[in-house]
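The values are calculated or read from the model by the stated rules, or taken from the named source; none is laboratory data. Quick caveat, the model's predicted, so the values are computed rather than measured. All Cβ positions, even for glycine, are placed from backbone atoms using ideal geometry, and neighbour counts span all protein chains on display.
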Amino acid sequence: MESFSWQTPEYHHKVKNSDWYWTVGIIAGALIITAIIFGNVLFGLVLAIGTFTLTMFAAKKPNTISVDVTEKGVRVEKTLYPYSTLESFGLEEEHHHGPRLFLKSKKVVMPLIMVPVRTHDLDGLRILLSKHLKEEMFEQSLMQTLFERLGF
C-alpha cells in the first residue's frame with residue numbers, strides 16, 4: 001500500500017512590519033469614521049471587529065500540520081477527506097512558495113482545499129491521487145492573488 005506523509009506549515013507566513021499595521025489601521029479608521037458619519041454605527045462596529053480580527057490573524061505564526069495521502073483519502077491533521085467526498089485534484093509544482101496540492105470538494109461550504117506539499121516525489125503523489133480522482137488545473141483566484149500581495 002503506497003502512501004505519502006509530510007509535515008508543513010498550514011500557510012506561508014509573511015512577517016509584517018509596523019508600516020503594514022499602520023496602513024491597515026489608517027484605512028480601517030477612515031472607513032469606520034466614514035460609516036459613523038453616514039449614520040451606520042453598526043457597520044462601523046463590524047469594521048472595527050473585522051480589523052482587530054484581521055490584525056490578530058496576520059500576526060499569528062502558522063501551526064505545523066501533518067498531511068497523509070493514502071488509499072482511503074487525504075488526511076490533513078485530524079480531518080480525513082475521503083475520495084468519495086472529493087471531485088478532483090491539482091498539483092501546482094511551480095509556485096513561488098513551493099508545490100501546492102489542490103483538492104476540489106463536492107461540499108458547497110468548502111469547495112477548494114489547498115495544502116502545501118513537502119514531498120520530493122510529486123510524480124508518485126500524482127499517480128496515487130490519479131487512481132481515485134481526476135486531475136484538473138486550478139487557477140488562483142483574484143482574491144487569493146490580492147491577499148498574497150497584501151501579505152496574507
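Please find, among 29, 39, 98, 90, the residue that is at pLDDT 95 or above and either closer than 19 Å to residue 6 by Cα or assigned to a loop (DSSP other than H, G, I, E, B) (or both). Step through it out loud before you land on a result.
Details: 29 fails: either closer than 19 Å to residue 6 by Cα or assigned to a loop (DSSP other than H, G, I, E, B) (or both); 98 fails: at pLDDT 95 or above; 90 fails: at pLDDT 95 or above.
On inspection, the qualifying residue turns out to be 39.
If you go through segment 65-84 one residue at a time, how many are surrounded by 14 or more Cβ atoms within 10 Å (Cβ to Cβ) and more than 14 Å from the chain's Cα centre (by Cα)?
The total comes to 10.
Starting from residues that are assigned to a loop (DSSP other than H, G, I, E, B) and not charged (D, E, K, R), keep the ones in segment 117-131 and report whichever is nearest to residue 5 (Cα to Cα). Quick ask: steps written out before the conclusion?
Let us first name the residues in segment 117-131 that are assigned to a loop (DSSP other than H, G, I, E, B), namely 117-121, 131.
Okay, now just the ones that are also not charged (D, E, K, R), so 117, 119-120.
Details: 117: 9, 119: 8, 120: 11 Å.
The residue in question is 119.
Being within 19 Å of residue 145 (Cβ to Cβ) and in contact with a Gly (Cβ under 9 Å, 6 or more places away or on another chain) is the filter here; which residues of segment 88-115 pass it?
100, 101, 102, 104
Under 7 Å between Cβ atoms, at least 6 apart or on separate chains: pull out the pairs that start in segment 72-88 with a residue that is without any contact (Cβ under 8 Å) to a residue 24 or more places away in the chain and end on any residue that is among the acidic types (Asp, Glu) and exposed (fewer than 12 other Cβ atoms within 10 Å of the Cβ).
Final answer for the pair search is none.
Within the set of pairs 6+ apart or on separate chains, which have a first residue in segment 119-142 that is small (Gly, Ala, Ser), a second that is surrounded by 11 or more Cβ atoms within 10 Å (Cβ to Cβ), and C-beta atoms under 9 Å apart?
Once the first residue is small (Gly, Ala, Ser) and sits in segment 119-142, its partners that are surrounded by 11 or more Cβ atoms within 10 Å (Cβ to Cβ) give 124/2; 124/4; 130/89; 141/112.
Can you pull out the residues in segment 102-116 that are assigned to a strand (DSSP E or B) and of a type in the set (A, V, I, L, M)?
Within segment 102-116, 103, 112, 113, 114, 115 qualify.
Of all residues in segment 50-64, count the ones that are of a type in the set (Lys, Arg) and either surrounded by 11 or more Cβ atoms within 10 Å (Cβ to Cβ) or part of a strand (DSSP E or B) (or both).
0
Which pairs turn up if I take residues in segment 36-53 that are farther than 20 Å from residue 24 by Cβ and look for partners that are small (Gly, Ala, Ser) with beta carbon separation below 8 Å, at least 6 apart in sequence or on another chain?
Pairs found: 41/35.
Residue check: is residue 8 β-branched (Val, Ile, Thr), surrounded by 12 or more Cβ atoms within 10 Å (Cβ to Cβ) and at pLDDT 90 or above?
Answer is no for this residue.
Here are 67, 74: which of them is assigned to a strand (DSSP E or B), within 26 Å of residue 15 (Cα to Cα) and among the β-branched types (Val, Ile, Thr)?
67
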